[in-house]
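This report concerns only the one structure given below.
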Amino acid sequence: MTSQLVLGNGFGVAVASDSAVTLTDAGSPVRTYETSDKIFPLPMPHRLAVLTAGSALLHGLPFDVLVKEWIRSLGDSPESQLRSVELYRESFLSWLRDNLDRWATSERRDEEALSYLAGQLELLRQAIELAVENAPEGEPAEITLQTLREKNAWIAGSESLGSISSEMVESIFDRLWEETEEHRPGLSNLVAHHFEGLQWSEEIDYEVRWFLRHTIEKSTSFPSGGEAELAFVGYGSRDLLPGVATLQTGGAIEDHICCRPAFVEHAQADGIGYGLIYTQAQDDQIALILKGYDQRSSELTARAFLGRIGDSLVDAAEAEDGSEEKTTLLDPVALRAAMSEEESRVSWDTKLGPARATVAILPLVTLVDTARSLVAVQTLSQTIRGVLPTVGGEIEAATITLNEGFQWHTRREL
């Protein structure tokens, strides 16, 4: 994991990042090294840096190598500067598309996609077996179908990547479904393998295919099995205020880069200045300081509390007048959403709003020291809780300004 923070105002922008990289086995962290580069500066006249977090590899090649090669391709002539931070993001995406075949063949990308989907099928099989085990009196085929439908209902409620059309999903699914002439197993083989021994029906077949199609469409880890987060931070040639544009990708299939919709934000008017706050990757303790509450803890508390009284609330609403409006107002899901919205509003009024107004007027040196201190708090929280230090190592920090571009403030010894 990683912890990174961007603080900006009219003076410039400060970036801070830990230097720990964690190796995982089957998704679980097993070892951490404290020697990773995660801030990549562009030379003048570009006035920009790229922060990387999450998966360190894209189809086997480190993002370290890819980002540096893209930077080299831009050059350092005055005309090479792009107009906005968003265009730097688009430039990197375009460079990736044009260069994918230099290190990752289409066959390799397909193999990674099939490996990821096989893992999802295995998790699905485990969920079905657990559901059947917990309901010994039930009909296995019905339990299988119910489990599949519940899983698919959850997927249906999640956000689509936005970068992949339904026609493209269908094309990818159809191509991966069949075994190739080189005897590479297809999705049909994987489904037969992972569901061997379970009762089958047309309805179950439909739900499994639906699951696979929508995993391709919506999973942020498709096709490589891991998601990388990149933040392009600084100024374009026409910017007077700093901004950030993000790229969150799980890799490429065919010639398509699968990625979430970009988050783009520039310093906003706050108080007498302009403020920008952006956190990336592991940031719960930073958010606790900036927002005044732990969002995940609050969500879990609200879910547990409303889960206990949910049926009573709905029964009470229906007993009084049975109106749809009243029942909706007392629905646990609606109440949880309302509680979250109100919590965010109060947090902005009392904590985050004043924090950004303060950030908006901080001198640049204080801004970068603040960014480093907040990343250090994230590191300290893991020490206190006695967990594997997936955030750690020396904290690197830098500033980016209109006149001087990127400058290191603190950097680990190489």
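The values are calculated or read from the model by the stated rules, or taken from the named source; none is laboratory data. Since the structure is predicted, the reported quantities are computational estimates derived from the model, not experimental observations. A quick note on method: Cβ atoms are made from the backbone with ideal geometry, for glycine too, and the neighbour counts reach across all protein chains shown. These accessible areas exclude ligands, DNA and RNA; they are computed on the full protein's heavy atoms, side chains included. Shrake-Rupley method; radii C 1.70, N 1.55, O 1.52, S 1.80 Å.
When the range 225-240 is filtered for residues that are more than 13 Å from the chain's Cα centre (by Cα) and either open to solvent by less than 40 Å² (accessible area, probe 1.4 Å) or among the acidic types (Asp, Glu) (or both), the ones remaining, listed by number, are Phe232, Val233, Gly234, Tyr235, Gly236, Asp239. Within the range 207-236, count every residue that is in a helix (DSSP H, G or I) and out of contact with any Leu (no Cβ under 9 Å at 6 or more places or on another chain). Qualifying residue count for the region: 2. For Val377, are the conditions met, namely being among the β-branched types (Val, Ile, Thr) and in a loop (DSSP other than H, G, I, E, B)? So Val377 fails the test. Within the range 59-111, how many residues turn out to be of a type in the set (Ser, Thr, Tyr), under 17 Å from Met44 (Cβ atoms) and open to solvent by 60 Å² or more (accessible area, probe 1.4 Å)? Of the residues in that region, 1 qualify. Taken over the range 348-364, residues that are charged (D, E, K, R) and open to solvent by less than 60 Å² (accessible area, probe 1.4 Å) amount to 1.
The residue pairs whose first member lies in the range 341-359 and is farther than 10 Å from Leu290 by Cβ, whose second member is part of a helix (DSSP H, G or I) and open to solvent by 70 Å² or more (accessible area, probe 1.4 Å), and whose beta carbons are closer than 9 Å, counting only pairs six or more residues apart or on different chains, are Glu343/Gln295; Ser344/Gln295. Counting only strands (runs of 3 or more DSSP E) that sit wholly inside the range 10-58, those with at least 2 residues that are modelled with pLDDT under 90 and surrounded by 15 or more Cβ atoms within 10 Å (Cβ to Cβ) are 21-25. Quick check, is Tyr116 at pLDDT 95 or above, open to solvent by less than 20 Å² (accessible area, probe 1.4 Å) and at negative phi? It is false that Tyr116 is at pLDDT 95 or above, open to solvent by less than 20 Å² (accessible area, probe 1.4 Å) and at negative phi.
Residue-wise test of (1) farther than 26 Å from Ser19 by Cα; (2) out of contact with any strand residue (DSSP E or B) (no Cβ under 7 Å at 6 or more places or on another chain); (3) part of a helix (DSSP H, G or I).
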site: Glu69; (1), (2), (3): no, yes, yes
site: Asp76; (1), (2), (3): yes, yes, no
site: Arg83; (1), (2), (3): yes, yes, no
site: Tyr88; (1), (2), (3): no, no, yes
site: Asn99; (1), (2), (3): yes, yes, yes
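Flag: Val208 does not match the condition of being β-branched (Val, Ile, Thr) and without any contact (Cβ under 8 Å) to a residue 60 or more places away in the chain.
From the list Glu90, Glu142, the one residue that fits, being under 24 Å from His59 (Cα atoms), without any contact (Cβ under 8 Å) to a residue 60 or more places away in the chain, out of contact with any Phe, Trp or Tyr (no Cβ under 6 Å at 6 or more places or on another chain) and among the charged types (D, E, K, R), is Glu90.
What strands (runs of 3 or more DSSP E) lie completely within the range 241-282 and have 1 or more residues being open to solvent by less than 10 Å² (accessible area, probe 1.4 Å) and touching a residue at least 60 places away in the same chain (Cβ under 8 Å)?
Ranges flagged: 243-253, 256-259, 273-281.
Let me confirm something: among Thr215, Thr220, which residue is touching a Cys at 6+ places or on another chain (Cβ under 9 Å) and of a type in the set (Val, Ile, Thr)? Quick ask: steps written out before the conclusion?
Values: Thr215 fails: touching a Cys at 6+ places or on another chain (Cβ under 9 Å).
Only one candidate passes the filter, namely Thr220.
The condition (being charged (D, E, K, R), exposed (fewer than 14 other Cβ atoms within 10 Å of the Cβ) and at negative phi) is satisfied by just one residue among Arg345, Arg411: Arg345. Selection over the range 176-192 of residues that are open to solvent by 80 Å² or more (accessible area, probe 1.4 Å) and in contact (Cβ under 8 Å) with a residue 24 or more places away in the chain gives a count of 0. Among residues of the range 365-408 being open to solvent by less than 50 Å² (accessible area, probe 1.4 Å), more than 15 Å from Pro242 (Cα to Cα) and among the polar types (S, T, N, Q), the one that is nearest to the chain's Cα centre (by Cα) is Thr390.
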